[in-house]
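Remarks on the structure that follows.
The values are calculated or read from the model by the stated rules, or taken from the named source; none is laboratory data. Nothing here was measured: the structure is a model prediction, and the numbers come from that model. Don't worry about glycine lacking a Cβ; one is built from the backbone with ideal geometry, like all the others, and counts go over all protein chains shown. SASA here: full protein model, heavy atoms, side chains in, ligands and nucleic acids out. Shrake-Rupley method; radii C 1.70, N 1.55, O 1.52, S 1.80 Å.
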Amino acid sequence: MLLIIRATVLTPDQQQSDAAVLIDGERIVAVGRTSELLDQADAVLDVNGLVLAPGWIDLQLNGAFGHDFTADPASIWSVAEQLPRYGVTAFLPTIITSPLETVAAAQAVLAAGPPPGFVGAQPLGLHLEGPFLSPHKPGAHPPQHLRAPTLAAVADWSPDSGVRLVTLAPELAGADAVIAALVERGVVVSAGHSLATAEQAQAGFGTGIRAATHLFNAMPALLHRDPGLAGAALADERICVGLIPDGLHVDRLLVRLVWRLLGAERLALVTDAMAALGMPPGTYQLGDSTVTVDASSARLADGRLAGSVLSLDAALRNLCRFAGCSLAQAMPTVSATPARLLGLSDYGRLRPGARADLVLLTEMGQVVATWVGGRIVHGELAAD
Ligand code: ZN
């Protein structure tokens, strides 16, 4: 058993210094003070007061390191190998609007499992962003592949077949039956790329929608006499809100406002990062589209944003900066909150019984080391 000692542990309600975390295989078996747990360890790793946090989960990642999951679903595993450098221990590879065969190909990649010797972040299932989106709010999604929601199209979508989350526009004809069927199977449904009025959004929440995809982006602005999907999502305590805090997708003042309104309980930071994450500026793919990337943004030829180049650790630091909150306060937005949305009670928590997915970081939020399932996958640390 590995004992990590002299860590600063952040839990949603406390910050404990001189903490120790005992790991047996893939699981955390004890969290306590260093002096209490020392005699139970086979190996001891002294982290000298650095912050130890539950591993981070990105609900929306289109690709990274030059790979686009929609154009090349087989790249999921090689991207997953590199994500721990950003503290990411689990993620939802996101497939944007595309022919249903692309979804099937991505499902097959996950079903086949990792290549031999794979070490990296764990894909928890796909986030299918589309194809049931509003033709009036396609963002960077190719309009020719948008389609009306039908039960036939989603017949094979379930967590067991690799589909964990679906973003759709609840106002589309036929959406209700599809939402109900997906929720019944345990797929999380999120409203997005939508013109839904507040009433239409609320009807969707009633049917089982539990999240809003990249709040404020690809939906009508929140107006005081026409709150729309954005207003309805913020006002409903059942709804978890995804937000891209890169300072470009949403004004930082609005990030602060959402934080003050929702806190960490209902806010899940997402990167919506695309192939250029971790790469130099240049030209990259997002699905069928060519995207021009500079140091901070990814845009279509007409200037519209097409995903981001934000990493999840930067997203967390940005939230602290924009909202004026502490790392400890912000931490659940990338751990417990996305885990809870996905119904995964043993992810995103630093407590006995949880998976030993961990991030070691400086007090400024810089990632030093990452563990997935008790195994170190990023960082140069050796236990004694
Ligand atoms: Zn989107």
(message) Suppose the chain between ALA108 and LEU223 were pulled fully straight at 0.36 nm per residue; how much longer would it get relative to their current alpha carbon spacing?
(response) 37.1 nm
(request) Extending each Cα 7 Å along its Cβ direction at ASP42 and LEU100, get the distance between those two points in nm, one decimal. (result) 4.9
(request) Could you compute the FRET efficiency for GLU380 and ASP156, with r as their C-beta to C-beta distance and R0 at 56 Å, rounded to 0.05? (result) 0.85
(request) Calculate the spin-label point distance for ALA177 paired with LEU257, positioning each point 7 Å from the Cα along the beta-carbon direction, and give it in nanometres. (result) 3.9
(message) If packing is taken as the average number of other Cβ atoms within 10 Å across a peptide's residues, how do 328-338, 232-242 rank, most packed first?
(response) 328-338, 232-242
(request) Place the peptides 20-33, 77-90 in order of packing, highest mean first, counting for every residue the other Cβ atoms within 10 Å and averaging per peptide. (result) 77-90, 20-33
(request) Sort largest first and round to whole Å: the equivalent ellipsoid semi-axes of the chain, each the square root of five times a Cα gyration tensor eigenvalue. (result) 34, 22, 20
(request) Express in whole angstrom the spacing between the alpha-carbon centres of the stretch 127-172 and the stretch 308-360. (result) 26
(request) Using a 10 angstrom cutoff on alpha carbons, build the Gaussian network for the chain and name the most mobile of LEU151, LEU124, LEU61. (result) LEU151
(request) Report, in deg cm²/dmol and to the nearest 500, the calculated mean residue ellipticity at 222 nm for the chain, where each DSSP H run with n ≥ 4 adds -39500 (n - 2.57) and the sum is divided by the residue count. (result) -6000 deg cm²/dmol
(message) Within the chain, what whole-number % of the accessible surface is contributed by carbon and sulfur, with the 1.4 Å probe and all protein chains included in the calculation?
(response) 51
(request) Taking H placed 1.01 Å from N in the peptide plane, check which residues at least 5 places from VAL368 or on another chain put their amide H under 5 Å from its amide H. (result) LEU360, LEU361, THR362
(request) Considering only SER35, SER289, SER17, give the residue with the highest GNM mean-square fluctuation for the chain, with springs between Cα atoms whenever their separation is below 10 Å. (result) SER35
(request) Take peptides 183-190, 109-116, 159-166, 360-367 and line them up by average Cβ neighbours within 10 Å, highest first, as a rough protection proxy. (result) 159-166, 183-190, 360-367, 109-116
(request) Quote to one decimal, in nm, the extra length available between ARG321 and ALA148 on full extension: 0.36 nm per residue of separation minus the C-alpha distance between them. (result) 58.2 nm
(message) I'd like the antiparallel share, as a percent to the nearest 5, of DSSP beta bridges with both residues in the stretch 56-341.
(response) 30
(request) Using 0.36 nm per residue of separation minus the Cα-Cα distance, give me the extension gain between SER17 and GLU237 in nm, one decimal. (result) 75.9 nm
(message) If R₀ is 35 angstrom, what is the calculated FRET efficiency for the pair ASP288 and ALA30, using the beta carbon separation as r and rounding to 0.05?
(response) 0.10
(request) Give me the accessible area per residue for the chain, probe 1.4 Å, as a whole number in Å². (result) 38
